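Before any comments, here is the structure.
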Amino acid sequence: MLGGWERGQMKRLNLKWTLALPLIAAFVGMSSQPLHAEVQEKTKKVGKVTVHYKVVLPNGYDSEKAYPGIIALGGGPQTMNTVDTILARNFRAEAEKRGYIVIAPAAPDGDVFFREGARIFPEFLRLMLADYKIQDGKFHIAGPSNGGIAAFHLAAANPQYFLSVTAFPGYMWEPTTAKLLAISRLCVFMYVGEVDEYKWHDEMRAEAEFLRSKGTVARYTEERDQPHRLDTLAGANAGRLFDGFEETKKGCQR
């Protein structure tokens with residue numbers, strides 16, 4: 001089933017990776033949220049690469065306590081600007097409220113995470129696990145647009161470090177049966193706008209169907225009247241992403 005499909009998709013998928021999620025000037029500074037936990041900006045040396053990243057800590061953070069963790073990946077060029085955007089739109093408020101640690105790296109040297117930027121993994125994950133107590137030693141990984149593509153790519157390469165992968169939208173970069181099977185024991189959540197101008201629907205739907213055929217809890221959702229940037233998963237609606245993370249506690253195989 002998948003063999004012919006994956007070969008037919010390769011050329012078309014390769015044309016899409018540079019699509020950038022539009023940047024939004026919506027980052028909320030710490031000074032406007034004095035009651036919220038700290039957002040830390042840090043750097044870490046991974047081999048010869050200096051990685052810049054931000055960390056959201058939950059309200060009442062206790063360094064001796066284990067928390068669920070999320071690796072959040074920005075869209076577009078995956079710079080620190082896109083990190084700021086996704087934290088403000090999709091992750092920070094719910095993470096602080098629900099008790100999650102969110103770690104959001106910027107792509108090193110301008111190399112997106114489903115290309116050369118992937119070289120910092122899995123070492124970056126090991127370093128984060130050394131710095132923070134993460135429940136079960138595994139993360140959720142999620143992102144929009146290029147961040148969703150990167151989430152799938154990194155989860156397939158390092159499935160032992162993840163509980164779930166969420167793309168809103170996104171799909172497997174250069175898909176193969178082996179790469180999809182690598183994430184088949186994770187929970188998979190895929191969201192795309194009904195009127196997404198880049199029309200990623202076919203790739204995403206086919207991957208979700210394949211994963212479901214393998215017994216994976218894999219959901220594909222078209223968000224009504226939404227374009228590429230999904231407001232239905234941002235701001236007051238961001239809790240839907242976290243509902244998916246919480247669902248992994250029930251297991252990811254049917």
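The values are calculated or read from the model by the stated rules, or taken from the named source; none is laboratory data. These figures come from a predicted structure and were not determined experimentally. Glycine also receives a Cβ, built like all others from the backbone with ideal geometry; neighbour counts cover every protein chain displayed. Keep in mind that these areas ignore ligands, DNA and RNA; they rest on the heavy atoms of the full protein, side chains included. Shrake-Rupley method; radii C 1.70, N 1.55, O 1.52, S 1.80 Å.
Among 39-47, 187-195, how do they line up by average Cβ neighbours within 10 Å per residue, starting with the highest?
Ranked by mean Cβ neighbours within 10 Å, highest first: 187-195, 39-47.
How many Å² of accessible area per residue for the stretch 91-139, probe 1.4 Å?
Per residue, the stretch 91-139 has an accessible area of 38 Å².
Computed over the Cα atoms of the chain, what is the convex hull's projected area averaged over all directions, in nm²?
12.7
So if I take the centroid of the Cα atoms in the stretch 70-109 and the same for the stretch 145-170, what is the distance between those two points in Å?
For the stretch 70-109 versus the stretch 145-170, the Cα centre distance is 14 Å.
Where the only charges are on Cβ atoms (+1 Lys, Arg; -1 Asp, Glu), what is the dipole of the stretch 168-254 about its Cα centre, to the nearest 20 debye?
My answer is approximately 580 debye.
In degrees from 0 to 90, rounded to the nearest 10, what is the angle of the helix 146-157 Cα long axis to the longest principal axis of the chain?
Helix 146-157 sits roughly 80 degrees off the main axis of the chain.
Could you give the accessible area per residue of the stretch 35-76, probe 1.4 Å, as a whole number in Å²? Display every interim value, and only then the final one.
Details: 2010 Å² over 42 residues.
Using a 1.4 Å probe on heavy atoms only, each residue of the stretch 35-76 averages 48 Å².
Please list, or write none, the aspartates and glutamates whose alpha carbon is within less than 12 Å of the alpha carbon of Lys249, excluding same-chain residues fewer than 8 places away.
Excluding near neighbours in sequence, the set is Asp136.
How would you order 146-159, 203-216 from highest to lowest mean count of nearby Cβ atoms within 10 Å?
Ranked from most to least packed, the peptides come out as 146-159, 203-216.
Hey, which lysines would be in cross-link range of Lys54, C-alpha to C-alpha under 21 Å, not counting anything within fewer than 8 residues on its own chain?
Straight-distance partners of Lys54: Lys42, Lys44, Lys45, Lys65, Lys97, Lys133, Lys138.
Pop out the carbon and sulfur fraction of the accessible area of the chain as a percent, whole number, probe 1.4 Å.
The C+S portion of the solvent-accessible surface of the chain is 50 percent.
Given the stretch 108-254, what percent of its DSSP beta bridges are antiparallel, to the nearest 5?
The antiparallel proportion sits near 5 percent.
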